[in-house]
Amino acid sequence: QVQLVQSGGGLVHTGGSLRLSCAANGGAISEYYMVWFRQTPGKQREFAAGITRFGSNTEYADSVEGRFSISKHDAKNAVDLQMNSLTPEDTAVYYCAARPNSISYYAEDYNYWGRGTQVTVSP
């Protein structure tokens with residue numbers, strides 16, 4: 001059973017950048033479709049970005065398109081989320097997730113989750 005270990009995140013000013021990483025232990029990253037969700041208090045987790053098993057295709061929510069970039073790194077067995085031009089609206093807990101079938105925009109479809117990491121963007 002794969003375990004997802006997240007790193008990165010923190011506090012940044014508006015316009016700044018952060019990089020999140022999600023390492024897969026107990027399974028090869030190429031076996032899974034990997035995504036990032038984010039969640040703010042009182043709201044459901046929302047899809048932010050996703051990447052196919054071999055990294056050939058990516059998908060982004062409209063709210064992050066052009067600012068966020070998801071990538072797979074086989075050597076590290078990890079998926080990264082590079083976040084640029086951050087705004088306070090990007091403040092959330094970010095979760096990586098994995099499933100073997102396809103990219104889904106719905107959190108309930110995912111089998112495996114990281115523990116989450118806080119991203120805070122100050123005005």
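The values are calculated or read from the model by the stated rules, or taken from the named source; none is laboratory data. Not measured: the values here are computed from a predicted model. With ideal geometry, Cβ positions are generated from the backbone for all residues, glycine too; neighbour counts draw on all protein chains shown. Just the protein is used for accessible areas: all its heavy atoms, side chains included, with ligands, DNA and RNA removed. Shrake-Rupley method; radii C 1.70, N 1.55, O 1.52, S 1.80 Å.
Averaged per residue, the chain has 51 square angstrom of accessible surface, using a 1.4 angstrom probe with ligands and nucleic acids left out. Between the alpha-carbon centres of the stretch 106-122 and the stretch 43-69 there is a gap of 12 Å.
Once the chain from residue 17 to residue 108 is taken as fully extended at 0.36 nm per residue, the excess over their C-alpha distance is 29.9 nm.
Among the chymotrypsin sites (Phe, Trp or Tyr not before Pro) in the stretch 77-120, which ones are in a DSSP loop with at most 15 other Cβ atoms within 10 Å of the Cβ? Mind listing them? Please report the intermediate quantities before stating the final value.
Numbers: sites: 94, 95, 105, 106, 110, 112, 113; in loops: 105, 106, 110.
For chymotrypsin sites (Phe, Trp or Tyr not before Pro) across the stretch 77-120 that sit outside H, G, I, E and B with at most 15 neighbouring Cβ atoms in 10 Å, the list reads 105, 106.
When its C-alpha radius of gyration is set against 2.2 N^0.38 Å (N residues), the stretch 12-123 gives a value of 1.00.
As a fraction of the 1.4 Å probe accessible area of the stretch 37-119, surface on carbon and sulfur atoms comes out at 43 percent. Taking a point 7 Å from the Cα of residue 61 along the Cα-to-Cβ direction, the residues of the stretch 82-116 with backbone N closer than 12 Å to it are 89-95, 105-107.
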